[in-house]
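These notes concern the structure reproduced below.
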Amino acid sequence: MILNKTLNPSPPALSRSLSLRLACIAAAALLAGCTLPAGKHSTDTPEIHLAAAASFKPWHRALDSLLPADVLLLGEQHDADEHHALEAETVRELAARRQLAALVLEMADAGTSTQGLPADASEPDVQAALRWNDKGWPWASYGPAVMQAVRAGVPVLGGNLPRSAMPGAMKDPRFDRRLDAAAMQLQVEAIRKGHCDLLPETQLQPMARVQLARDESMARTIAEALQPGRTVLLIAGNGHVRQRLGVPQWLSENVRARKVMAQAGRVDAAIQSEADLFIVTPALAPKDHCASLREQWKR
């Protein structure tokens with residue numbers, strides 16, 4: 001079963017001792033450091049900090065503590081190159097351990113798959129199988145993780161809601177009852193902020209429904225790929241990995257899911273309680289995404 005009748009409880013939080021242990025691992029590897037934010041931003045969720053050219057050994061050690069799990073949900077900031085490198089390394093490491101059941105992607109539509117392709121398939125053939133949209137999701141960013149899986153003989157599965165299904169999702173009131181009122185309001189506000197306050201008020205709830213439908217689609221793809229004793233890896237934006245709002249809300253209670261979010265610069269205070277581990281990478285150069293979006297909408 002994919003759908004829960006009640007909201008999922010968060011998996012048991014990793015212990016404070018694990019947090020300290022991860023900090024020691026990071027220090028030993030001479031990374032940028034591993035600290036919990038001070039004051040009102042402090043959290044019991046452990047963090048590891050990875051420098052731009054750092055060794056991934058602390059992440060490998062963290063995997064030892066997170067696994068075994070049926071599902072590993074790995075969240076990213078889409079424009080952070082370090083996060084894409086982390087994703088490719090995660091695929092490589094899990095495949096090397098013979099632990100990777102499948103790679104599920106937000107970046108490809110549900111129903112697409114590399115199953116049936118040989119391990120030496122060309123990148124154009126892989127892109128065709130996934131009906132890859134390079135304009136929306138640059139292959140240069142995601143191709144390395146995808147090809148790591150293909151070369152290891154691991155299926156890559158699209159998980160996202162196809163565009164053709166979005167109009168129906170926008171009109172489907174069942175999504176309004178999926179989250180509790182506070183979480184649904186967070187989802188609506190995330191839609192508002194993500195669209196730079198450009199959406200009319202009447203579009204916020206329908207767009208929130210689409211977001212939930214996308215989470216449902218990814219959870220369904222994950223459920224169909226589960227294998228006993230192995231791990232399905234999801235790569236998606238951080239919003240889809242959040243415990244209160246995202247894919248975890250659509251997974252069956254008997255699915256062991258671990259949530260890891262990569263954050264550039266620092267951990268967003270709004271999501272500090274919604275993951276089992278945060279990976280902090282160097283801050284990105286400031287960019288006015290809203291200015292770009294406003295210009296696109298003008299055109």
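Values quoted throughout were computed directly from the atomic coordinates according to the rules given, and no laboratory measurement underlies them. Computed from a prediction, not measured in an experiment: that's the story for all the values here. Every residue, glycine among them, receives a Cβ derived from its backbone with ideal geometry; neighbour counts consider all protein chains shown.
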Surrounding charge for Arg97, neighbours by C-beta under 12 angstrom, Lys/Arg +1, Asp/Glu -1, total +1
Relative to the compact-globule estimate 2.2 N^0.38 Å (N residues), the Cα gyration radius of the range 16-283 stands at a ratio of 0.98
Zone reached by a paramagnetic label modelled 7 Å from Asp79 Cα along Cα→Cβ, restricted to the range 284-299 with backbone N below 14 Å, covers 284-296
If each K or R counts +1 and each D or E counts -1, the residues other than Ala283 whose Cβ falls under 14 Å of its Cβ total -2
Checking rank on 190-197, 289-296, 80-87, 202-209, with mean other Cβ inside 10 Å and highest first, the result is 80-87, 202-209, 190-197, 289-296
Around Arg174 (Cβ within 12 Å, Cβ-to-Cβ, excluding Arg174; K/R +1, D/E -1) the net charge comes to +1
Given 135-142, 92-99, the highest-first ranking by average Cβ count within 10 Å works out to 92-99, 135-142
Once normalised by the length of the range 16-283, the mean sequence separation of its alpha carbon contacts under 8 Å that are 6 or more apart gives a contact order in percent of 29
Ordering 247-260, 264-277 by per-residue average of other C-beta atoms within 10 angstrom, highest first, gives 247-260, 264-277
Two pseudo-spin positions, 7 Å from Cα along C-beta at Ala269 and at Leu199, lie apart in nanometres by 2.5
Dimensionless Rg/Rh of the range 78-160, both radii on Cα and Rh by Kirkwood, sits at 0.93
